[in-house]
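Q: Below is a structure I'd like to ask you about.
The values are calculated or read from the model by the stated rules, or taken from the named source; none is laboratory data. A quick note: this is a predicted structure, and the numbers were derived from the prediction, not measured. Note: ideal-geometry Cβ built from the backbone for every residue, glycine included; neighbour counts use all protein chains shown. Protein only, heavy atoms only, side chains kept; ligands, DNA and RNA dropped before computing areas. Shrake-Rupley method; radii C 1.70, N 1.55, O 1.52, S 1.80 Å.
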2 protein chains.
Amino acid sequence: MSEVVSKKPSRIQRRNRRVILDAALNIFAQHGFRGATLDQIATEAGLSKPNILYYFQGKEDIHVSLLSQLMETWLDPLVELDPYGDPQTEILDYVQRKLDMARDLPRESRLFAGEILQGAPYMGPHLESDLKPLFDEKCAVISGWIDQGKIAALDPQHLIFSIWATTQHYADFEAQVSVLLEKEAANRQRASNHLRALFSALLRPQSPPPSS
Amino acid sequence: MSEVVSKKPSRIQRRNRRVILDAALNIFAQHGFRGATLDQIATEAGLSKPNILYYFQGKEDIHVSLLSQLMETWLDPLVELDPYGDPQTEILDYVQRKLDMARDLPRESRLFAGEILQGAPYMGPHLESDLKPLFDEKCAVISGWIDQGKIAALDPQHLIFSIWATTQHYADFEAQVSVLLEKEAANRQRASNHLRALFSALLRPQSPPPSS
DNA sequence: CGAAAATTTTACCATTTGGTAAATACACGA
DNA sequence: TCGTGTATTTACCAAATGGTAAAATTTTCG
C-alpha cells in the first residue's frame, strides 16, 4: 500500500505536506491558480515535481486543500463577534482583528481575493455552506443592536462588506498602497486609526436619515 | 507593407482591434493574464488566433494595451474632484462616481484588481507616473479642507484607500457579494446609501480625536 | 476592371506544463 | 542487519499554448 490519504500520516508526510502547502501558498497567492506551475511550487518547496504529486493528487488538490484550510482561519474573526458584548467594542474590535489578519496573513488574503475575483470556481460551495450562515447570523446580531438603539441604524450587510473591503485592501492592493504611501513605520497605526475613526463615526447613534 | 502599428488605421483595423480588446477584457478579467489563452480570446472575438496576432504583437501586447487604456478611465473620477467645490459634496460625489464605475465597468475593475493583486507586473510604472501624482495632489486638496476646518481631521490617504476599497469591492468580490445578498432590485441603492452614510459620518467636523 | 495592399486562413512548430511509470534510495521496526 | 514498506528520483509523455510562415482571400483604389 502506498496512497498517502488513508491511515495515520507519518512524520515525513506531515512535514512535507506542510512544506508543500506553504510553498503553494506563496506561488498561488502571487500568480493565481492558473498562473502557478507545479514546477514553481516544487522549486519553492525544495522538492521534485513527482515528489509533490506523491503527496497530492494534483495541482487542483493542492489548491483546494489550501482554500478549505484557509476558510476556517478566515471566518474566525467574525465568529468571535460576541452578541452579548458591547456593540461598539465588538464591531471596532472586529475591524481591528480583520486588519491584523490582512497584515499578518497577506498571502492568505490574496489567495482568497484571487479566488473570489475569478468567480470562486473552487470555493463557491464553501461560501454557501460556511460563510453565508455565519454572515446571516452576525447580520442578525447587528440588526438586534440597531433595534435596541445601541448603534446607529445602519445596513448590517453592507457594513460587513465595508469592513472586509477596507481591511483586506491593505493586503490585496499592497502593490498599489506601497507605491502611494511613503515607507513609514507609522503606516500601520495610521491605517488602524483611520478605520477606527471611520467605523466609530458610522456607529454613533445620532446618525442622520439617508437622503436621496 | 503590413505592420499594423504605423500610419492611419483602416476601418477594419479599428473595428477588429476594438473587438479583440473587448473580448480580451472579458477573458482577462475572468481568468487573469496567465489564466487567459489566446484561443479563448480568439473565440470570444470571433476571429482566428493568427488573425488576432495580426493586430497585436502577442498576448502581452493585448494585455498592456488594455491596461494603459484603462488607466485613464480609472483615474477620471478622482480627476474630477474639485478643490474649489464644497468638500462634503465633492467627496461624497466622488464616492458615488467610483461606485457607479464599479457597477458599470466590473470587467475593468476586475482586470485592474487582478493586476494589482499580482504585484502590478505590467502597471507598476503607470502607477508611479500617472496615479501617484494625482493621488498626492488630491490628498493635498483634502488636507487643505481639513486645515480650513471644513471637514473632520481625517487621514486623506487612508480615506481615499477606503473609498477605493469599499466601492470596488462590489465589482471585485461580486461572486461573494451575490452569494451573501438576496437578489433584490434595491441592492444597488442600499450600497449607495450605506457608503454615503459611512463617509458622511466620517466627514462631519465634530469627529473625536483618535484614541489608542 | 485589375493590381497592389490588406486581411484571413491553413498548416505548422517549439515550449511549457500537468501528470505517470518504474526504478532507486531510504527509514525503521523486528 | 535485514527486509519491507515509504519516499524520491529519473525518464518520460500527451495535451495545451504562444507563436510563425506562407498561401489564399478580400478590400481598396487608380
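Q: Test B:Tyr84 against the stated conditions and say whether it is open to solvent by 60 Å² or more (accessible area, probe 1.4 Å) and either within 12 Å of DNA strand C (Cβ to nearest atom) or more than 26 Å from B:Trp164 (Cα to Cα) (or both).
A: no
Q: Report yes if some residue within the stretch A:176-190 is more than 10 Å from every other protein chain (Cβ to nearest Cβ) and under 16 Å from B:Ala201 (Cα atoms); otherwise report no. Let's see the steps before the verdict.
A: Residues of the stretch A:176-190 more than 10 Å from every other protein chain (Cβ to nearest Cβ): A:183-186, A:188.
When the remaining residues are screened for being under 16 Å from B:Ala201 (Cα atoms), the result is none.
So far as the stretch A:176-190 goes, no, none of its residues is more than 10 Å from every other protein chain (Cβ to nearest Cβ) and under 16 Å from B:Ala201 (Cα atoms).
Q: Note down all Cβ pairs under 9 Å where the first residue falls in the stretch B:17-33 and is of a type in the set (S, T, N, Q), the second is outside any helix (DSSP H, G or I), and they're at least six residues apart or on different chains.
A: If the second residue must be outside any helix (DSSP H, G or I), the pairs left are B:Gln30/A:Gln118; B:Gln30/A:Gly119; B:Gln30/B:Ala36.
Q: Being within 8 Å of chain A (Cβ to nearest Cβ), of a type in the set (Lys, Arg), assigned to a helix (DSSP H, G or I) and free of Cβ contacts under 8 Å to residues at least 60 places away in the same chain: is that true of B:Arg196 here?
A: For B:Arg196, the condition - within 8 Å of chain A (Cβ to nearest Cβ), of a type in the set (Lys, Arg), assigned to a helix (DSSP H, G or I) and free of Cβ contacts under 8 Å to residues at least 60 places away in the same chain - is not met.
Q: Need a quick list: helices (runs of 4 or more DSSP H) entirely within the stretch B:1-93 having at least 2 residues that are among the β-branched types (Val, Ile, Thr). Explain how you work it out, then say what you get.
A: Details: elements: B:11-35, B:38-45, B:49-55, B:59-79.
Helices (runs of 4 or more DSSP H) meeting the threshold: B:11-35, B:38-45, B:59-79.
Q: Could I ask something else about it? Please state which one of B:Gln57, B:Gln118, B:Gln40, B:Gln96 is away from DNA strand D (no atom under 16 Å from the Cβ) and open to solvent by 50 Å² or more (accessible area, probe 1.4 Å).
A: When all the criteria are applied, what remains is B:Gln96.
Q: State the number of residues belonging to the stretch A:31-65 that are over 14 Å from B:Arg34 (Cβ atoms), more than 10 Å from DNA strand C (Cβ to nearest atom) and within 24 Å of the chain's Cα centre (by Cα).
A: Total meeting the criteria: 4.
Q: Quick one: A:Ile151 ticks every box in (1) open to solvent by less than 30 Å² (accessible area, probe 1.4 Å); (2) under 22 Å from B:Leu180 (Cα atoms); (3) more than 7 Å from chain B (Cβ to nearest Cβ) bar one, so which box is it?
A: Here A:Ile151 meets the rest and fails (2).
Q: Same structure again: Take the residues of the stretch A:1-37 that are within 9 Å of DNA strand D (Cβ to nearest atom) and open to solvent by less than 40 Å² (accessible area, probe 1.4 Å): which is modelled with the lowest pLDDT?
A: In this case the residue turns out to be A:Val4.
Q: Condition test on B:Ser129, is it hydroxyl-bearing (Ser, Thr, Tyr), open to solvent by 40 Å² or more (accessible area, probe 1.4 Å) and without any contact (Cβ under 8 Å) to a residue 40 or more places away in the chain? First the steps, then the outcome.
A: Values: hydroxyl-bearing (Ser, Thr, Tyr): yes; open to solvent by 40 Å² or more (accessible area, probe 1.4 Å): yes; without any contact (Cβ under 8 Å) to a residue 40 or more places away in the chain: yes.
Yes.
Q: Let me ask something additional. Report, by residue number, each residue of the stretch B:170-195 that is surrounded by 18 or more Cβ atoms within 10 Å (Cβ to Cβ) and charged (D, E, K, R).
A: B:Asp172, B:Glu174, listed by residue number.
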